[in-house]
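Scroll down for the structure; my scribbles are underneath it.
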Amino acid sequence: MRTSYRSRAAWCGLLFFFLSSKVPAQQFSLYGTGSLWDSFENPAQSPFELNESRQFASNFFVPNSGVNLKFNGPAQVALKNILLYSNGLSISDLDVDARRFNRLNASENSYLLMLRLFKTVDHRRELGFSWQTRAESHGKLHNQALIVFKTANEQGINGIDEYLNRTGPNQLRATDLQAQAYHQIGFTFREQYNQKFSYGIKLSYLSGIAHNSVKVRSGELNIDPASPDYRTFTVGGVLRSSYYDNIAWDDLRPNFRNPGMSLTLSSNMKLRDGWNVLTNLKDIGFIRWSNDSYRNGSDLNINTLDDAEDQLNNIQDVLVRERYTSVINGKAEALISKNFGAFKLSALLSKSLFNNSGDIVLMNSFRYKILHIGASGAYNLNDYFQFGGQLMLKSPNVEFFMGTDNLFQSYKAGVLLTDDQNRRKERLNEGIKGASAYLGFSLKFGRIVSDPQNENYIPGINHRIPGTGFLNKIFGKRD
């Protein structure tokens with residue numbers, strides 16, 4: 001049991017860096033494009049063009065995926081060292097006395113299936129179904145928190161002793177990290193209320209895959225006067241996890257073990273002079289984790305002479321079962337845009353409702369026939385900038401896109417994924433703080449959707465003659 005917990009802890013460490021390194025994969029440049037992805041993320045948007053598009057749109061199980069990773073802080077070299085070389089956390093470059101925090105943000109969003117139906121020409125009503133997987137994490141921690149669980153070195157000095165030898169303020173209590181992954185099965189409805197206003201609703205069932213969170217409120221040293229060498233470090237706070245050892249296969253599939261719900265409300269308004277305003281109250285929801293979940297039942301007492309393995313065992317000893325609820329990363333958004341011939345200018349404000357993340361984005365796109373080229377610049381409220389680019393091929397019935405919200409960092413990070421260890425070491429100390437990429441495809445099929453005056457679909461002529469159906473042939477009257 002202890003071995004499985006240690007493997008779980010190691011996995012969680014990678015999760016908090018990989019999935020903890022920007023917020024839900026934004027794919028900024030896809031906002032307002034009229035793509036199938038856009039219509040599910042922003043339900044007031046329509047992927048159909050009257051007199052041009054066909055009635056059904058789908059990605060046919062070709063994943064439309066995006067991932068966005070961002071790490072901001074002085075410990076990036078130490079964490080990259082863990083990720084790339086698995087040789088432990090080096091604290092030699094960490095200044096634990098500095099009043100600086102490491103901020104971790106990440107997301108993954110993959111639409112496994114999207115299906116959209118143009119239901120009626122009147123009010124342009126549309127129905128949709130989607131199945132997506134999502135992972136999101138965010139948080140902050142001080143350098144001091146990174147060395148507490150460091151394995152003892154050759155001299156028997158572990159991370160806590162290194163921490164205690166520092167004179168800086170105790171920032172351990174500022175540690176607050178969360179990460180979760182889940183399935184989202186959504187149903188959407190869109191209606192064009194009038195020529196200037198449309199609205200959309202997305203109601204989703206959530207099936208939790210995994211959740212981990214830790215929030216530290218105190219850190220205190222206890223010294224035994226009779227034995228000064230025996231010291232314990234008491235950490236107070238809340239540790240929660242949805243699983244105990246390795247994740248079970250059943251947790252990776254949609255189920256009712258960890259149920260949840262979410263709601264998205266979206267509107268699109270046409271203003272004077274060609275301006276459009278899109279607003280979203282997006283993914284407001286929760287997940288109720290099962291009775292098999294765990295949290296710490298008491299404060300954690302760590303012997304400063306213990307190594308990392310013993311410290312993880314101490315965590316195991318204080319775990320108790322508890323059902324709990326977590327919220328997903330809901331957001332409030334507003335997009336304003338206008339077309340200037342082949343150019344389109346847009347500005348997006350996106351703010352997470354339950355954490356400090358948020359983005360201010362300026363976008364510019366150019367259209368030439370089916371080719372769409374976009375560029376974006378974004379400022380995140382965690383105090384960093386990103387520059388992105390996008391390439392899209394889009395006709396009324398076929399679309400393909402690829403892009404990134406973090407162009408330069410993504411290019412540099414690609415070197416870190418190479419098998420050439422020397423090239424990776426050359427880039428280890430560079431300012432690579434994140435990466436972002438997304439890719440998607442969709443296709444429309446069925447009859448052409450047309451304006452009423454152009455409608456060429458007449459019941460009784462364009463479809464099966466009444467009385468010739470399968471059941472009528474079996475049960476109907478015979479001549």
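Among the residues of region 386-408, which ones are assigned to a loop (DSSP other than H, G, I, E, B), of a type in the set (S, T, N, Q) and touching a strand residue (DSSP E or B) at 6+ places or on another chain (Cβ under 6 Å)?
From region 386-408, those assigned to a loop (DSSP other than H, G, I, E, B) are 395-397, 405-406; that's our starting set.
Still in the running and of a type in the set (S, T, N, Q): 395, 397, 406.
Answer for region 386-408, where residues must be assigned to a loop (DSSP other than H, G, I, E, B), of a type in the set (S, T, N, Q) and touching a strand residue (DSSP E or B) at 6+ places or on another chain (Cβ under 6 Å): Asn397, Asn406.
Residues considered: Ser337, Ser290, Ser326. Of these, the only one that is touching a Lys or Arg at 6+ places or on another chain (Cβ under 9 Å), more than 20 Å from Ala179 (Cβ to Cβ) and not aliphatic (A, V, I, L, M) is Ser337. Exactly one residue out of Leu271, Leu300 is on the phi < 0 side of the Ramachandran plot, of a type in the set (A, V, I, L, M) and surrounded by 14 or more Cβ atoms within 10 Å (Cβ to Cβ): that is Leu300.
Within region 325-348, the set of residues being surrounded by fewer than 15 Cβ atoms within 10 Å (Cβ to Cβ) and in contact with a Phe, Trp or Tyr (Cβ under 7 Å, 6 or more places away or on another chain) comprises Thr325, Lys338, Ala342, Phe343. Taking region 106-121 as the range and being open to solvent by 10 Å² or more (accessible area, probe 1.4 Å), closer than 28 Å to Asn72 by Cα and of a type in the set (Ser, Thr, Tyr) as the test, only Ser110 passes. Restricted to region 136-155, and to residues there that are open to solvent by 20 Å² or more (accessible area, probe 1.4 Å) and modelled with pLDDT of 75 or more, the residue that is farthest from the chain's Cα centre (by Cα) is Lys140. Here Arg427 meets the list (1) modelled with pLDDT of 95 or more; (2) open to solvent by 30 Å² or more (accessible area, probe 1.4 Å) almost entirely, failing just condition (1).
The values are calculated or read from the model by the stated rules, or taken from the named source; none is laboratory data. Quantities reported herein were computed from a predicted structural model and do not represent experimental measurements. Using ideal geometry, Cβ is built from the backbone for each residue, glycine included, and neighbour counts are taken over all protein chains shown. With ligands, DNA and RNA removed, areas are computed over all heavy atoms of the protein, side chains included. Shrake-Rupley method; radii C 1.70, N 1.55, O 1.52, S 1.80 Å.
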